[in-house]
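Here's the structure we're looking at; comments come further down.
Read-outs throughout are calculated quantities, based only on the coordinates presented, and are distinct from any laboratory measurement. Since we're looking at a predicted model, the values are computed, not measured. Here the Cβ positions follow ideal geometry from the backbone for every residue, glycine too, while neighbour counts run over all protein chains shown.
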Amino acid sequence: MYRSHTCGELRDSHINKEVTLSGWVQKTRNKGFMIWIDLRDRYGTTQLIFDEERSSKAIIEKAKNVGREYVIQIKGTVIERASKNPNLPTGDIEILVSKLIVLNESLTPPFTIEDKTDGGEELRMKYRYLDIRRNPVKNSLIFRHKVAQETRNYLSNEGFIEVETPYLIKSTPEGARDFVVPSRMNQGQFYALPQSPQTFKQLLMVGGLDKYFQIVKCFRDEDLRADRQPEFTQIDCEMAFVEQEDILNAFEGLTRHLLKAINGVDINKFPRMTYDEAMQRYGNDKPDIRFGMEFGELNTVAQHKDFNVFNQAELIVGIAVSGGNTYSRKDIDKLTDWVKHPQVGALGTVYVRCNDDGTYKSSVDKFYNQEDLAKWAEVTGAKAGDLICVLSGETNKVRAQLSALRMELAERLGLRKPNEFAPLWVTDFPLLEWDEDTGRYHAMHHPFTSPKPEQIELLKTNPGDVKANAYDLVLNGNEIGGGSIRIHDKKTQALMFDYLGFTEKEAKAQFGFLMNAFEYGAPPHGGLAFGLDRLVAILGGQETIRDFIAFPKNNSGRDIMIDAPAPIDVKQLEELSLKLNIREKENI
Ligand code: ASP
């Protein structure tokens with residue numbers, strides 16, 4: 001028996017008990033006549049003591065030779081500590097050790113295994129198994145387990161069935177590139193790893209399973225952005241015989257349950273906002289509504305003077321920064337530099353100081369009088385003591401820029417509080433999205449999303465105006481998940497493929513299986529998927545998802561621990577008949 005107790009378990013009620021513990025050496029302190037070792041396992045740390053008076057010489061010698069991260073097993077007696085540590089659950093006791101066995105030695109770890117470590121991110125990823133020994137990472141993984149477990153229990157209790165769908169499939173377009181897997185048995189042919197189980201879950205509805213869920217890995221070969229992982233996990237769901245309202249209610253229930261069970265937060269009804277409203281009020285389809293700073297559109301109150309920049313702009317829009325009038329000229333210059341920064345891309349900002357005496361001072365006083373500026377304050381909701389920041393330009397661009405500024409200011413003002421939760425449903429997304437690069441419309445969600453039935457006709461004349469029964473759940477300014485009511489009849493699906501630029505032949509080759517299934521009594525259905533990694537990070541009050549993933553990839557999509565991706569053996573390439581292609585490429 002390696003242990004009678006864990007390292008987090010012993011209390012003063014165990015005093016005088018003989019125990020056996022196993023774990024890692026966190027720390028040793030050697031005072032010559034006395035040695036202490038902190039022994040650690042997943043459950044906590046327990047202090048071990050060896051001393052000249054009470055322990056044998058041999059065991060003291062042995063204790064002197066154990067190093068950090070050695071794995072040891074000890075037998076001993078629980079005794080009361082001379083100086084107790086109230087910060088440690090096991091801080092009332094220590095173990096007077098009578099037997100010590102070194103189960104395994106350890107090299108000195110490349111970084112300290114402490115809550116605050118000296119290891120940089122790449123080093124910690126390279127030795128992830130050591131990083132997992134640290135409390136913050138270990139606790140994040142346990143936290144993730146709890147969220148996943150609560151999700152499974154909740155959905156199972158609601159009658160959802162977890163079904164596994166295959167990983168070796170054919171491409172499903174969800175807006176990213178596929179990771180492909182060459183098939184040895186079918187030379188020259190490839191599987192794709194699923195970007196999501198979208199078509200399979202729809203087929204499960206045709207199969208009559210009615211309510212499906214799966215906590216499932218998805219794979220997307222996207223250009224990497226910060227905090228994106230090429231493989232990630234979804235809580236994927238689908239339901240039959242439902243309307244949008246049924247789905248929103250079901251998953252609002254799940255989210256409410258998680259917020260309660262995990263964070264102890266009660267949220268009654270989640271607010272809802274249409275996509276158009278979100279864009280107008282926050283310039284963003286995933287607004288953080290934990291704070292105000294709503295957009296005020298100023299065209300009607302700012303386009304009547306000689307200020308050409310505004311007169312030529314499609315949209316003039318401002319936000320009120322609470323207490324911003326205290327900003328110095330230098331602070332404002334810095335903000336202006338910030339919006340000019342290529343990632344934001346604004347040309348500059350116009351600002352208005354709202355003085356305490358009710359007067360205004362702006363960067364465009366040459367063009368606008370006090371009466372004009374008072375109207376701006378009214379539209380943006382600015383009060384005395386605030387600062388109004390105004391951007392202008394092409395509607396979509398300017399909204400995105402002001403939204404970035406709003407988030408940045410909120411961050412600086414400490415308004416994005418991690419332990420405050422503000423969920424929001426954003427509904428009525430556009431069905432299609434114009435893509436500049438290809439010069440055509442793409443499905444904004446995916447090609448299986450149903451247009452609002454009453455707008456199908458509009459597809460012919462104003463495709464960009466057609467809305468879908470598609471929705472996102474937003475939490476604290478992050479898209480937690482999204483979904484839609486699906487097309488369930490072959491005719492509409494064929495029409496949709498046609499609008500998206502698939503020829504009949506292409507649609508049949510890629511999605512024939514789905515179109516066929518739709519000929520055998522497909523029920524009306526819809527669903528959604530939540531991103532588990534992000535959800536867990538937000539519930540855990542963190543911004544980055546990496547600590548909640550056991551073995552994450554770095555910003556270049558590499559696993560630096562196992563060193564993947566990596567070249568494969570020439571023999572393997574030959575078996576897959578891939579060698580030739582690579583050789584040919586090398587010759588070019
Ligand atoms: N498959 C979709 C996604 O991955 C979710 C859904 O429509 O249910 O975003």
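For the residues ASN469, ASN476, the requirement of being more than 16 Å from the ligand (Cβ to nearest atom) and not β-branched (Val, Ile, Thr) singles out ASN476.
Taken together, the residues in segment 6-36 that are part of a loop (DSSP other than H, G, I, E, B) and either within 12 Å of THR77 (Cα to Cα) or among the basic types (Lys, Arg) (or both) amount to 6.
For segment 466-481, does any single residue satisfy the condition of being of a type in the set (Asp, Glu), surrounded by fewer than 20 Cβ atoms within 10 Å (Cβ to Cβ) and either free of Cβ contacts under 8 Å to residues at least 60 places away in the same chain or closer than 25 Å to GLN510 by Cβ (or both)? For segment 466-481, residues of a type in the set (Asp, Glu), surrounded by fewer than 20 Cβ atoms within 10 Å (Cβ to Cβ) and either free of Cβ contacts under 8 Å to residues at least 60 places away in the same chain or closer than 25 Å to GLN510 by Cβ (or both): absent.
Where helices (runs of 4 or more DSSP H) sit wholly within segment 105-197, those with at least 2 residues that are hydrophobic (A, V, I, L, M, F, W, C) and more than 16 Å from the ligand (Cβ to nearest atom) occupy 121-126, 135-157. For segment 143-176, a residue qualifies if it is of a type outside the set (D, E, K, R), surrounded by fewer than 17 Cβ atoms within 10 Å (Cβ to Cβ) and either free of Cβ contacts under 8 Å to residues at least 40 places away in the same chain or farther than 23 Å from GLN229 by Cβ (or both), and the qualifying residues are HIS145, GLN149, ASN153, SER156, ASN157, GLY159, ILE161, PRO166, LEU168.
Taken over segment 237-256, the criterion of being more than 25 Å from the chain's Cα centre (by Cα) and within 13 Å of the ligand (Cβ to nearest atom) is satisfied by VAL242 alone.
With respect to (1) more than 30 Å from GLU231 (Cα to Cα); (2) crowded, with 17+ Cβ neighbours inside 10 Å; (3) of a type outside the set (Phe, Trp, Tyr), the lone exception for GLY119 is condition (1). Every test in (1) among the polar types (S, T, N, Q); (2) in a strand (DSSP E or B); (3) surrounded by fewer than 20 Cβ atoms within 10 Å (Cβ to Cβ) is passed by SER484 save one, and that test is (3). Being among the hydroxyl-bearing types (Ser, Thr, Tyr), within 13 Å of the ligand (Cβ to nearest atom), under 29 Å from ILE549 (Cβ atoms) and over 18 Å from the mean Cα position of the chain (by Cα) is a description that does not apply to THR233.
Quick check on segment 496-505. Is at least one of its residues closer than 30 Å to ALA550 by Cα and either in contact with a strand residue (DSSP E or B) (Cβ under 6 Å, 6 or more places away or on another chain) or within 16 Å of the ligand (Cβ to nearest atom) (or both)? Within segment 496-505 (the criterion being closer than 30 Å to ALA550 by Cα and either in contact with a strand residue (DSSP E or B) (Cβ under 6 Å, 6 or more places away or on another chain) or within 16 Å of the ligand (Cβ to nearest atom) (or both)), the answer is no, since none of the residues qualifies.
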